[in-house]
Amino acid sequence: MGATVLRSPAVGIGAGVAISVLLFFALGELGFYSLPFILQYLPTGVGPAEASLELTTLSFLIGFGLALPLGVIRAYPPRIVRKHPNVPHRAADSLPKKLLAWPLYGFATAYVAVIRGTPFLVQVFLVYYAVIFAYPRLMLFGLSAPFWAGLLALTINTTGYQAEALRGGFQSVEGSQIEAARAIGMTKFQTFWSVTFPQGIRLVTLPLTNEWISNFKTSAILSYIAFAELFFWSRTYIAYQLARPIEAFVMIAIFYLVINVTLSRVVCYVEARRRIPGLGTQIMPGPHRV
Amino acid sequence: MAAPSIHPGGTPAPVTMRPASRWTRAAVLARALRVGIGVAATLAGYGFIVWLGTVGVYNLAYAKGLVPALWQGFVLSVLIVAVVIPIGFAVGFFVGWARTLRNPIVRGLASVYVDFFRSMPPIVLIAFAFLLGLIALRTTIADPFLLHWIILWLGVLALAFHTAAYQAEIVRAGILSVPSSQSEAAQSLGLTRGQTMLRVVLPQAFRVSLPALGNEFSSVIKDTSLLSVIGWLELSGLALVQIYSGILVYPLAPVVIWLEVAVFYFAITFALNSSVRVLENSFKVPGLEAARL
Amino acid sequence: MSTLSIRAVEKWYGALHVLRGVDLDVEKSQTVCIIGPSGSGKSTLLRCTNLLVAPDGGEILLDGVRVNSPSIRPEWVRQQIGMVFQSFHLFTHLTALRNVTLGLVRVKKLDRTAAEAKALQELERVGLGAKLHAYPAQLSGGQQQRVAIARALAMDPKILLFDEPTSALDPEYIREVLDVMAQLAKDGMTMVVVSHEMSFAREVADRIVFFDQGQVVEQGTPEEIFDRPGHDRTKAFVGKILR
Ligand SMILES: Nc1ncnc2c1ncn2[C@@H]1O[C@H](COP(=O)(O)OP(=O)(O)O)[C@@H](O)[C@H]1O
Ligand SMILES: [Mg+2]
């Protein structure tokens with residue numbers, strides 16, 4: 001009994017929070033950094049944090065819209081490499097469909113492979129210089145090149161990762177579910193929207209949350225194309241301008257920890273509470289993203 | 001139910017000790033086809049890129065001139081990866097294992113480690129490892145070259161600790177994916193707890209974790225690009241250096257440079273992913289596959 | 001005219017000749033029970049009948065109309081031919097009620113209230129009026145299978161196919177499913193049932209079909225097949241399941 005209580009996640013989380021808070025104040029009291037300074041200047045990070053969060057969320061949402069078709073294309077490869085057994089009989093594809101299927105699948109696969117196979121740092125510089133080259137004095141809605149290049153790069157990037165997450169979700173919907181839908185006379189399209197999509201989305205709630213968090217962290221790299229987000233604030237303002245590097249690190253850590261840990265805990269909790277019985281798998285944590 | 005007799009001829013079939021080969025003709029053909037398509041696509045891409053240069057979309061001679069310099073950076077990147085992965089795995093293994101233990105203090109400390117390093121962007125860790133290392137060590141270490149060398153490697157260490165947190169989660173999920181009935185079975189055979197872990201739990205956990213670990217390793221490769229911001233002259237670092245001189249040659253130089261760098265990175269991650277897949281296949285046991293999400 | 005006529009249906013899986021010219025007629029309101037060894041192609045025959053799998057040859061006639069033809073949408077055919085699977089195949093993400101309404105709303109284009117009224121009626125018919133809002137994972141196997149029957153019934157099919165509907169069930173739940181099926185037969189439903197439940201085959205089925213190696217070997221009344229089988233293969237098989 002005692003052992004099961006000790007093993008419960010709440011105890012682990014509680015111990016974790018207690019250790020972190022203790023550590024934060026203890027190190028401050030020991031003189032590693034100045035607690036009053038941190039408390040005074042923490043509010044100046046709210047604006048940059050908002051900039052980070054907005055850009056992250058905007059690119060995530062646009063990316064989701066683009067990733068959905070890519071994920072679908074990737075989930076149902078043209079015949080010869082079809083990996084999904086048990087999918088009931090399909091009528092022979094018409095010629096235009098056949099001719100379209102391969103290039104689409106090839107494009108989606110190449111897109112995902114290239115985005116996931118190259119660092120975001122490289123992608124963002126590539127996009128940034130290309131944007132600068134094409135529109136040297138870009139200014140739209142009062143926002144300049146760093147924002148637009150950042151948004152573009154982040155969207156391109158998150159699209160690739162979300163497409164792969166969605167592909168995994170759609171493919172892990174069981175063949176029997178699809179067969180049952182077909183057996184009551186649903187078309188492929190209806191089957192996708194009524195069965196595969198709702199089940200697949202539930203299966204990838206946590207991977208997609210992780211993807212949002214990854215996207216948020218990745219946005220720190222935009223600091224190097226001078227987009228004024230969290231890392232830019234902590235690095236240029238706190239660390240250099242105010243000459244407080246240690247405090248700068250503690251402050252940015254507070255922002256990232258509070259936002260990311262809270263979000264992942266809350267989503268885990270809500271997902272577990274709202275999970276439909278019998279739908280959901282034990283999945284491996286995804287890789288981190290760069 | 002009328003199952004047909006197993007030995008219709010009366011003579012029992014010889015007992016086969018090995019599972020049926022995975023290298024059936026269809027599988028070999030499918031693999032060959034994949035490799036063929038990959039090679040063809042690569043060649044076609046290469047031809048296309050060269051063709052774009054010859055028609056003057058970019059400066060082909062300049063692009064070719066970059067390759068030797070970038071190759072040096074490529075070698076350094078690979079070297080850094082070879083340092084980060086073992087450290088990351090060693091730390092990650094113990095942290096992940098600690099997360100499966102009962103003791104709440106050990107578990108809490110391991111959780112704090114994982115949460116901290118997973119929540120922080122690696123670029124922040126690297127930049128501050130460099131900066132804070134500089135501040136902490138500049139009074140104790142007089143030799144500026146040694147000092148610079150140490151803080152550069154502190155950045156690498158930061159990266160290793162970051163990936164360790166992710167690997168810890170993978171190891172933990174792998175261990176937890178082995179049902180407790182497996183440990184019970186092992187212990188009821190008289191195996192000690194250590195033997196149970198080493199002989200029963202870890203081999204199964206390893207197979208389940210392998211794809212995720214492979215993904216994480218390719219993340220590490222991509223992460224090394226971040227070391228360029230503290231002055232490492234690896235692949236991306238050299239690219240940053242080249243830009244200053246290149247931009248004087250012609251305005252599109254940065255785009256060409258970064259494209260070329262992207263190809264190099266893609267080559268490493270692709271090679272790594274392919275090797276992991278081969279590894280995965282050679283360790284494959286029916287019924288022990290990771291959920292691919 | 002038979003409700004369902006299967007004529008010389010062939011099916012190959014690669015080099016495996018699974019159905020070797022199957023002929024079968026099912027009259028309106030008849031219950032036909034198919035028995036036969038495992039692997040003989042019974043499931044494949046049912047799947048070919050509602051075109052979940054495309055037959056490679058022969059014809060499937062529904063009320064005299066050939067339905068395995070390019071001019072007829074397979075979705076329309078499947079709506080006419082209900083199917084109940086061995087392992088239920090309920091939609092995991094939907095409650096019992098929504099499992100039944102899904103096809104009514106999406107395929108039959110009923111509005112939601114009409115669909116729910118119809119679904120309620122069918123769920124009560126299988127004795128599950130009290131479990132409307134349970135998810136499949138919260139139901140016992142027998143309850144899940146009855147929801148699956150309600151789901152098929154709700155589409156008002158001309159004929160219902162059952163593929164070993166009780167063989168994935170714990171023994172204590174078999175009875176409730178068989179009772180529902182017997183009631184359906186009494187109500188005049190046309191049914192093809194692959195099952196080795198002797199009580200059901202003897203008491204409910206109008207005709208028993210012995211199926212082996214992709215062919216109909218022999219058919220007749222339960223008494224003929226079980227008590228006086230004509231073929232040696234039938235004799236051997238019946239001997240095994242009657243024991
Ligand atoms: N999708 C498929 N692909 C290849 N072979 C199949 C497939 N489905 C069934 N078979 C094979 O067809 C034969 C008949 O199977 P089935 O119709 O399920 O038999 P039954 O239901 O009588 O047990 C079996 O040998 C089975 O292995
Ligand atoms: Mg069967």
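From the list C:Thr95, C:Thr31, the one residue that fits, being within 11 Å of another protein chain (Cβ to nearest Cβ), more than 16 Å from ligand 1 (Cβ to nearest atom) and at negative phi, is C:Thr95. A residue that is closer than 16 Å to B:Ile87 by Cβ, facing chain A (nearest Cβ under 8 Å) and surrounded by 16 or more Cβ atoms within 10 Å (Cβ to Cβ) occurs somewhere in region B:164-177.
Of everything in region A:178-210, what is surrounded by fewer than 20 Cβ atoms within 10 Å (Cβ to Cβ) and of a type in the set (S, T, N, Q)? Give them in sequence order. A:Thr187, A:Gln190, A:Thr205, A:Thr209 - these are the residues of region A:178-210 that are surrounded by fewer than 20 Cβ atoms within 10 Å (Cβ to Cβ) and of a type in the set (S, T, N, Q).
How many of the residues making up region C:193-219 are farther than 19 Å from C:Thr234 by Cα and either buried (at least 21 other Cβ atoms within 10 Å of the Cβ) or touching a Lys or Arg at 6+ places or on another chain (Cβ under 9 Å) (or both)? Steps first, please.
Taking region C:193-219 first, the residues farther than 19 Å from C:Thr234 by Cα are C:203-204.
Subsequent filtering for residues that are either buried (at least 21 other Cβ atoms within 10 Å of the Cβ) or touching a Lys or Arg at 6+ places or on another chain (Cβ under 9 Å) (or both) retains C:204.
Summing the residues that are farther than 19 Å from C:Thr234 by Cα and either buried (at least 21 other Cβ atoms within 10 Å of the Cβ) or touching a Lys or Arg at 6+ places or on another chain (Cβ under 9 Å) (or both) in region C:193-219 gives 1.
Scanning region B:92-106 for residues that are closer than 24 Å to A:Phe216 by Cβ and away from chain A (no Cβ under 11 Å) yields B:Gly92, B:Val95.
If you filter region C:29-41 down to residues that are within 10 Å of ligand 2 (Cβ to nearest atom) and farther than 15 Å from C:Thr234 by Cα, you find that the one that is surrounded by the most Cβ atoms within 10 Å (Cβ to Cβ) is C:Gly41. Selection of region C:154-200 for residues being within 16 Å of ligand 2 (Cβ to nearest atom) and either part of a loop (DSSP other than H, G, I, E, B) or over 16 Å from C:Ile81 (Cα atoms) (or both) yields C:Glu164, C:Pro165, C:Thr166, C:Ser167, C:Ala168, C:Leu169, C:Ser195, C:His196, C:Glu197. Among the residues making up region C:202-213, a single one is within 16 Å of ligand 2 (Cβ to nearest atom) and more than 14 Å from chain B (Cβ to nearest Cβ): C:Val209.
Give the residue, chosen from C:Pro74, C:Pro70, that is facing another protein chain (nearest Cβ under 9 Å), over 15 Å from the mean Cα position of the chain (by Cα), more than 16 Å from ligand 1 (Cβ to nearest atom) and within 24 Å of C:Val194 (Cα to Cα).
C:Pro74
Considering region A:238-257, the residues that are in contact (Cβ under 8 Å) with a residue 60 or more places away in the chain and at the interface with chain B (Cβ under 7 Å from one of its Cβ atoms) include one that is farthest from A:Ala49 (Cα to Cα), namely A:Ile246. Give me the residue from region A:67-113 that is over 23 Å from B:Ala40 (Cα atoms), of a type in the set (D, E, K, R) and in a loop (DSSP other than H, G, I, E, B) and, out of that set, modelled with the lowest pLDDT. Step by step, filter region A:67-113, then rank; the result is A:Arg90. I'm trying to understand the selection: among the residues of region B:173-216, which are among the charged types (D, E, K, R) and closer than 28 Å to B:Leu79 by Cα? Those that are among the charged types (D, E, K, R) and closer than 28 Å to B:Leu79 by Cα: B:Arg207, B:Glu216. Taken together, the residues in region B:116-136 that are part of a helix (DSSP H, G or I), over 11 Å from A:Phe249 (Cβ atoms) and free of Cβ contacts under 8 Å to residues at least 24 places away in the same chain amount to 4.
Looking at this structure, is A:Phe232 surrounded by 24 or more Cβ atoms within 10 Å (Cβ to Cβ) and more than 10 Å from every other protein chain (Cβ to nearest Cβ)? Criteria not met by A:Phe232.
Checked against the criteria, B:Phe93 does not count as hydrophobic (A, V, I, L, M, F, W, C), in contact with a Ser or Thr (Cβ under 9 Å, 6 or more places away or on another chain), modelled with pLDDT of 90 or more and closer than 30 Å to B:Leu176 by Cα. Among the residues of region C:50-67, the ones that are surrounded by 19 or more Cβ atoms within 10 Å (Cβ to Cβ) and within 11 Å of chain A (Cβ to nearest Cβ) come to 5 in all.
Take the residues of region C:154-169 that are among the acidic types (Asp, Glu) and within 16 Å of ligand 1 (Cβ to nearest atom): which is nearest to the chain's Cα centre (by Cα)? The residue in question is C:Asp163. Residue pairs whose Cβ atoms lie under 7 Å apart, separated by 6 or more positions or on different chains, with the first residue in region C:33-44 and over 17 Å from C:Pro222 (Cα atoms) and the second more than 6 Å from ligand 1 (Cβ to nearest atom) and part of a helix (DSSP H, G or I), are C:Pro37/C:Phe237. Every listed requirement among (1) at negative phi; (2) free of Cβ contacts under 8 Å to residues at least 40 places away in the same chain is met by A:Ser52 save one, (2). Could you tell me whether C:Ser199 is within 16 Å of ligand 1 (Cβ to nearest atom) and polar (S, T, N, Q)? Here the answer is no, as C:Ser199 does not meet what is asked. Within region C:1-28, the set of residues being of a type in the set (A, V, I, L, M, F, W, C), within 16 Å of ligand 1 (Cβ to nearest atom) and either surrounded by 15 or more Cβ atoms within 10 Å (Cβ to Cβ) or within 14 Å of chain B (Cβ to nearest Cβ) (or both) comprises C:Ile6, C:Val9, C:Ala15, C:Val18, C:Leu19, C:Val22, C:Leu24. The number of residues in region B:107-122 being closer than 11 Å to A:Ile19 by Cβ and more than 7 Å from every other protein chain (Cβ to nearest Cβ) comes to 2.
Flag not set for C:Ala130, criterion: within 16 Å of ligand 1 (Cβ to nearest atom), modelled with pLDDT under 95 and over 14 Å from the mean Cα position of the chain (by Cα). Of the numbered criteria (1) within 14 Å of chain B (Cβ to nearest Cβ); (2) under 13 Å from the mean Cα position of the chain (by Cα), the one C:Arg151 fails is (1). Quick check on my filter: what residues within region C:136-151 are free of Cβ contacts under 8 Å to residues at least 60 places away in the same chain, closer than 13 Å to C:Thr92 by Cβ and of a type in the set (A, V, I, L, M)? C:Ala137, C:Leu139, C:Val147 - these are the residues of region C:136-151 that are free of Cβ contacts under 8 Å to residues at least 60 places away in the same chain, closer than 13 Å to C:Thr92 by Cβ and of a type in the set (A, V, I, L, M).
The values are calculated or read from the model by the stated rules, or taken from the named source; none is laboratory data. Predicted, not measured: the structure shown is a model, and the values here were computed from it. Please note: Cβ atoms are built from the backbone with ideal geometry, for glycine as well, and neighbour counts cover all protein chains shown.
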